[in-house]
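Okay, structure first, notes after.
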Amino acid sequence: MCSGMVHPNLVIDALTKGADGVMICGCHIGDCHYIDGNHKTEKRVEAIKLLLEDFGLEPERFRLEWVSASEGPRFAQVMTDMTEAVKRLPPSPYKTG
Ligand code: FES
């Protein structure tokens, strides 16, 4: 329900199970329905970046974007950008099969 609820372990778990990339989308700063969830998200991103490095994963495999529910075209654009960025990477070292 809120980007602030996404624990860094969830991101790393997805990536180490073979996901090519993970994006967290949250409400713009000041617009979180839970007041400060997206501020928590910003802090957690720093931990996620350190974990990516520890697990030997490229930083491009993770992205945080602020996108409101009324920004359909922007959502489509950030998803397209993320997809293209991930496609430029080698296969995930955690991908099996
Ligand atoms: S409700 Fe918290 S970031 Fe959207």
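The values are calculated or read from the model by the stated rules, or taken from the named source; none is laboratory data. This is a predicted model, so every value here is computed, not measured. Every residue, glycine as well, gets a Cβ built from its backbone with ideal geometry; the counts of neighbours run over all protein chains shown. Just so you know, the surface numbers come from the protein's heavy atoms only, side chains and all, with ligands and any DNA or RNA stripped out. Shrake-Rupley method; radii C 1.70, N 1.55, O 1.52, S 1.80 Å.
The table below gives the values:
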quantity: Complete set of residues in the range 60-97 that are within 20 Å of His28 (Cβ to Cβ), touching a Gly at 6+ places or on another chain (Cβ under 8 Å) and among the β-branched types (Val, Ile, Thr); calculated: Val67
quantity: Pairs where the first residue, in the range 20-32, is over 26 Å from Leu57 (Cβ atoms) and the second is outside any loop (DSSP other than H, G, I, E, B) and open to solvent by 40 Å² or more (accessible area, probe 1.4 Å), C-beta under 6 Å, 6+ apart; calculated: His28/Trp66
quantity: Positions within the range 38-97 being surrounded by 12 or more Cβ atoms within 10 Å (Cβ to Cβ), more than 15 Å from the chain's Cα centre (by Cα) and among the acidic types (Asp, Glu), in sequence order; calculated: Glu71
quantity: Single residue of Ala47, Ala14 found to be away from the ligand (no atom under 16 Å from the Cβ) and in contact (Cβ under 8 Å) with a residue 12 or more places away in the chain; calculated: Ala47
quantity: Filtered residues of the range 27-37 (kept if open to solvent by less than 40 Å² (accessible area, probe 1.4 Å) and either assigned to a helix (DSSP H, G or I) or in contact with a strand residue (DSSP E or B) (Cβ under 6 Å, 6 or more places away or on another chain) (or both)); calculated: Gly37
